[in-house]
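As structure tokens, the structure follows; a few thoughts come after it.
The values are calculated or read from the model by the stated rules, or taken from the named source; none is laboratory data. None of the values given here were measured: they were computed from a predicted structure. Cβ coordinates were reconstructed from backbone atoms using ideal geometry, including for glycine residues, and neighbour counts include every protein chain displayed. Remember, those area values only see protein heavy atoms, side chains included, never the ligands or the DNA or RNA. Shrake-Rupley method; radii C 1.70, N 1.55, O 1.52, S 1.80 Å.
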Amino acid sequence: MKKTSRKDMDILNRLFREQEDVLGSTQTTIMALECLRRSLRLLKCRADEIPRQIIEVSGAINHTEPRVIPLIHLMERFESEIRPCYGKDVVEVRQAADRILADNIACIENHRRELVQYGLSCVADDDVIFLHSVSSTVLRILLEAKASGRRFRVIVLKQDIRKTRQVILPLTRAGIAIRTVPEYSLGHFVEEATRFFLGAISITQDNQVVAAAGAGSIVGMCHLHHVPIYLFVDSLKFSHRNAADQQIHHKTFTRRHDNGWRIEMSTQSHDIFNAALVDHLITEMGERGGGCGEAD
């Protein structure tokens, strides 16, 4: 079988990063599993070729930059559960694969539903909540809190306009009072906030949080000013690897300005910060105490 090329991996990596930026890693994981279900339904090959196809897909997912931890965990589960079906005819293998993937999608959706229910207890009347990056779970918590009648405000810290738009639009449509301020002006507004809500793409074995670019600075500022930090994560996001193995994407590019002036820019796709800075770690099983970097 042809090995996935560097060009194809670059395209896949960029696709995952863009999806995470506008949807969050949980929704990206669900979409990836749904795409795999559809692909397997359309796949035309012999039954004995299916294992190699699945191994190739799983290998590509395991090497994305950064690693999408919940998707990796669910792909590992899928590979383990589909293995006993190998050797059966194509129809049976496809049916089993479709059923297993559907169960995995239901699993992560149930986790998110339960996480949102715990998250609702973290929103109180008169709260002023900092919000920075896209997290489908955090957005659902705020939308359901509003629907239940709670009165609160949200300060959105503007970053990349595409990401900020994905945060602002659903809040505005729900009638939630928002104020948008530049990310770099955080210090002027930090005294107003009562909580900072965020999600993450993973929590590593060495107790580090991998989150959206810019999140680390906000966490540090909130910690210094005693603004409680609430991190909402599915237990599937706990990684068996250390932070150094998460494959954070690094990019260097040239930005041209007037009169031919050029700047060499370097960026990282995500931030890493110490989980000890988090005041409240909420999973689908409730608030987790003690060292939150311990892998499940």
When the accessible area of the stretch 250-289 is split by element with a 1.4 Å probe, what percent falls to carbon and sulfur? 47
Let me have the relative contact order for the chain, percent, based on Cα pairs under 8 Å that are six or more residues apart. 18
Distance in nm between pseudo-label sites at Asp206 and Asp8 (7 Å out along the Cβ direction from Cα): 3.2
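Tell me the per residue accessible area of the chain using a 1.4 Å probe; a whole number in Å² is fine. Could you put the intermediate results ahead of the total?
Details: 14630 Å² over 296 residues.
Averaged over the residues of the chain, the accessible area is 49 Å².
Just for the chain, what percent of DSSP beta bridges are antiparallel, to the closest 5?
Details: 17 of 38 bridges.
Looking only at bridges with both residues in the chain, the antiparallel portion is about 45 percent.
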Amide H to amide H under 5 Å from Ser239: which residues, 5+ apart in sequence or cross-chain, H placed 1.01 Å off N in plane? Ile203, Thr204, Gln205
Quantify, in whole percent, the carbon and sulfur part of the accessible surface of the stretch 45-147 (1.4 Å probe; protein heavy atoms only). 48
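Once the Cβ-Cβ distance between Leu15 and Arg151 is put in as r, and R0 is 45 Å, what FRET efficiency do you end up with, to the nearest 0.05? Present the calculation step by step, with values, prior to reporting the outcome.
On the way: r = 39 Å, r/R0 = 0.87.
The value I calculate is 0.70.
Please state the shape class of the stretch 24-87: rounded when a/c is under 1.5, otherwise prolate if a/b exceeds b/c and oblate if not, all from the C-alpha gyration tensor. If you can, show how the numbers build up before the last one.
Values: a/c = 2.00, a/b = 1.69, b/c = 1.18.
Cα axes put the stretch 24-87 in the prolate bin.
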One finds the C-alpha centres of the stretch 30-86 and the stretch 175-227 to be spaced, in Å, by 34
Treat each spin label as a single point 7 Å out from the Cα along the C-beta direction, and report the Glu183 to Ala47 distance in nm. 5.2
Here the net charge surrounding Pro51, from other residues whose Cβ is less than 15 Å away from its Cβ (Lys, Arg +1; Asp, Glu -1), is -3
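Give me the extension gain from His240 to Ile55: residue separation times 0.36 nm, minus the current Cα-Cα distance, reported in nm with one decimal. List each step's numbers first, then the result.
On the way: separation 185, 0.36 × 185 = 66.60 nm, distance 1.98 nm.
Additional length available on full extension: 64.6 nm.
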Given the options Met31, Val128, Gly286, identify the residue whose Cα lies farthest towards the positive end of the charge dipole of the chain (+1 on Cβ of Lys, Arg; -1 on Cβ of Asp, Glu). Met31
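Hydropathy at least -0.5 by Kyte-Doolittle, axial extent at least 30 angstrom from the Cα trace: which helices of the chain, defined as entire DSSP H runs, fit? Before the final figure, lay out each step's value.
Numbers: long enough: 90-120 (45 Å, -0.10).
Those that pass (Cα extent of 30 Å or more, hydropathy at least -0.5) are 90-120.
Can you give the helix-only mean residue ellipticity at 222 nm for the chain, where every DSSP H stretch with n ≥ 4 adds -39500 (n - 2.57) and the sum goes over all residues, rounded to the nearest 500 deg cm²/dmol? Working shown, then result.
On the way: 9 runs with 133 residues, N = 296.
Only helices count here, giving -14500 deg cm²/dmol.
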Could you point to the label whose value was computed as Cα extents along the principal axes in Å for the structure here, given (1) 49, 46, 39; (2) 63, 55, 37; (3) 52, 41, 34? (2)
